[in-house]
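Trainee: Below is a structure I'd like to ask you about.
The values are calculated or read from the model by the stated rules, or taken from the named source; none is laboratory data. The structure displayed is predicted, hence computed values, not measured ones. No Cβ is skipped: glycine too gets one built from the backbone with ideal geometry, and neighbour counts run over all protein chains shown. All accessible areas refer to the heavy atoms of the entire protein, side chains included, with ligands and DNA or RNA removed. Shrake-Rupley method; radii C 1.70, N 1.55, O 1.52, S 1.80 Å.
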Amino acid sequence: MTQAILQLSDIEKAFPGVKALDKASLNVYPGRVMALMGENGAGKSTLMKVLTGIYHMDTGSIQYQGQPAAFKGPRDSQQAGISIIHQELNLIPELTIAENIFLGREFTGTLGRIQWDKMYKQADELLQRLNVKHSSKTLLGDLSLGEQQMVEIAKALSFESKVIIMDEPTDALTDHETESLFKVINELRDQGCGIVYISHRLKEIFEICDDITVLRDGKFIGQCQVTETNEDGLIEMMVGRKLEEQYPRIDVTHGEVCLEVVGLTGSGVSDVSFTLQRGEILGVSGLMGAGRTELMKVIYGALPSERGVINLDNKTINPVSPQDGLANGIAYISEDRKGDGLVLGLSVKENMSLCALDKFTKGFQIQHGNEVVAVEDFITLFNIKTPSRDQVIGNLSGGNQQKVAIAKGLMTKPKVLILDEPTRGVDVGAKKEIYQLINKFKADGMSIILVSSEMPEVLGMSDRIIVMHEGRITGEFDAKDADQETLLACAVGKKINEEAA
């Protein structure tokens, strides 16, 4: 193997109450894609922040192109040829695509005037490389989340970097957009770039990466070539144990119908009908843009309905706001936990109890003692890894943030729990914990809707599945009678009834 273009050796970094990195190491080679793997909280993001100068390491060393390096911040590392594409988008919706790509680096001519034609031309060329079908003059806010992610990638490409770090780059991408990204990664590899690829999607690791580095609890566990391991071996390295069953679905006797939706039509939804029983998990499958999230938000009251009926416990409800949804006993856990689900600057306790403060209020006073007891109970039940309930939630790993988001919904004591992409951006170990929690709620008789883009997850955890296409239901199946091919056929618009399946 060629000499590493980038070497991080024995990096240590501690924060109050936690040692985030404990002799962590990483080698990046020119013309190769290095997967950086580990559970949430393993230290992956912290290591990348140390590399790019956001954090200063306590001990250790960084070598870049054979020379010692210590970057003062992201701009310094970018100028040196190291770019990072963060999982959280760093873009401005009110600006055009081109303005976002070249923000702070605009092309200027005499008298400092911006050379708009040159800037739009170069931005359009970057978009064409990524197969994005938009003009660079388009406002970023008019793009889907997946398309915005492609703009973030285009921005990184514009630096002509020697090392590119991609943190969960396909998290919001469609299959078509992912295919375009992989094509660009292969081009960059051929040009001699070193790429660090961080993802929880094991299939992608074996499809696009050459090498794998595994961290666990901030420690370097090992490095190997992709051809030297398999999914089971990689999972065992990451979690330190074997995961016997990926989707631990349990059988529970269902109760009476809790939720009935009849002819519901609204924003992105057309004539949808289904039922949900107590102690049942209803999976909702479909491709991006199928209307799954829109349907959940109409039921919850976050989007308006035009017609149709929603019955909850044999009572017709008409939620016109999320507050109405919560008041009626419907909790919605958003697919975008950082945008819609959590307030990153608040503590674990404040986030968890935010929607349930009425449960701890007597007169005009919040009974903080009861609030603390409830929060601590959920921290224990969910095995949330945090130094304390007062820790700022933005400092927690993605998996632990997701657990807090789910606990926040449960603290309202809902009748119906809607989980929209509950394991997105969550590692395999935390996924298993979330599945076990879902099973506990199911066994307690809660009615659960599970929305997921991962067909194995829908098939593995659901009792019954509905599939959506263009805002309509195109199929409904008992989970044990369904398979990925059948779900995909319905997801692209082919109607299949359960008997035919």
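Trainee: For the subset of the stretch 186-218 comprising residues that are within 17 Å of residue 235 (Cβ to Cβ) and of a type in the set (D, E, K, R), which member is least open to solvent (accessible area, probe 1.4 Å)?
Mentor: 204
Trainee: Only one residue in 147, 152, 160 is in contact with a strand residue (DSSP E or B) (Cβ under 7 Å, 6 or more places away or on another chain) and of a type in the set (Asp, Glu). Which one?
Mentor: Exactly one residue qualifies, and that residue is 152.
Trainee: Now for a different question. Taking the condition in contact with a helix residue (DSSP H, G or I) (Cβ under 8 Å, 6 or more places away or on another chain), of a type outside the set (A, V, I, L, M), open to solvent by less than 10 Å² (accessible area, probe 1.4 Å) and not in a helix (DSSP H, G or I), does residue 386 pass?
Mentor: no
Trainee: If residue 412 meets every condition in (1) in a helix (DSSP H, G or I); (2) touching a residue at least 24 places away in the same chain (Cβ under 8 Å); (3) more than 18 Å from the chain's Cα centre (by Cα) apart from one, which number is that one?
Mentor: With (1) in a helix (DSSP H, G or I); (2) touching a residue at least 24 places away in the same chain (Cβ under 8 Å); (3) more than 18 Å from the chain's Cα centre (by Cα) applied to residue 412, the lone miss is (1).
Trainee: Can I ask one more? Among 324, 336, which is open to solvent by 10 Å² or more (accessible area, probe 1.4 Å) and either assigned by the TED database to the domain that holds residue 261 or closer than 11 Å to residue 404 by Cα (or both)?
Mentor: Only one candidate qualifies: 324.
Trainee: List the strands (runs of 3 or more DSSP E) that sit entirely inside the stretch 260-374 and contain at least 1 residues that are more than 26 Å from residue 437 (Cα to Cα).
Mentor: It comes to 269-277, 305-312, 315-317.
Trainee: Consider the stretch 4-31. How many of its residues are in a strand (DSSP E or B) and either hydrophobic (A, V, I, L, M, F, W, C) or free of Cβ contacts under 8 Å to residues at least 24 places away in the same chain (or both)?
Mentor: Result for the stretch 4-31: 11.
Trainee: Within the stretch 141-192, count every residue that is farther than 15 Å from residue 100 by Cβ and part of a helix (DSSP H, G or I).
Mentor: 17
Trainee: Got a number for residues in the stretch 438-462 being more than 21 Å from residue 172 (Cα to Cα) and open to solvent by less than 20 Å² (accessible area, probe 1.4 Å)?
Mentor: 9
Let's see how each residue does on (1) surrounded by fewer than 22 Cβ atoms within 10 Å (Cβ to Cβ); (2) among the hydrophobic types (A, V, I, L, M, F, W, C); (3) in contact (Cβ under 8 Å) with a residue 40 or more places away in the chain; (4) within 23 Å of residue 260 (Cα to Cα):
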residue: 402; (1), (2), (3), (4): no, no, yes, no
residue: 432; (1), (2), (3), (4): yes, no, yes, no
residue: 467; (1), (2), (3), (4): no, yes, yes, yes
residue: 470; (1), (2), (3), (4): yes, no, yes, yes
residue: 484; (1), (2), (3), (4): yes, no, no, no
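Trainee: Just to check your reading of the model, which residue among 268, 286, 240 is buried (at least 20 other Cβ atoms within 10 Å of the Cβ), within 24 Å of the chain's Cα centre (by Cα) and at pLDDT below 95?
Mentor: The conditions single out 286.
Trainee: Please find, among 178, 110, 138, the residue that is surrounded by fewer than 19 Cβ atoms within 10 Å (Cβ to Cβ), within 27 Å of residue 338 (Cα to Cα) and either modelled with pLDDT under 90 or not polar (S, T, N, Q) (or both).
Mentor: Every option except 178 fails the conditions.
Trainee: Taking the conditions exactly as written (in contact (Cβ under 8 Å) with a residue 60 or more places away in the chain, within 21 Å of residue 39 (Cα to Cα) and not in a loop (DSSP other than H, G, I, E, B)), does residue 438 satisfy them or not?
Mentor: Answer is yes for this residue.
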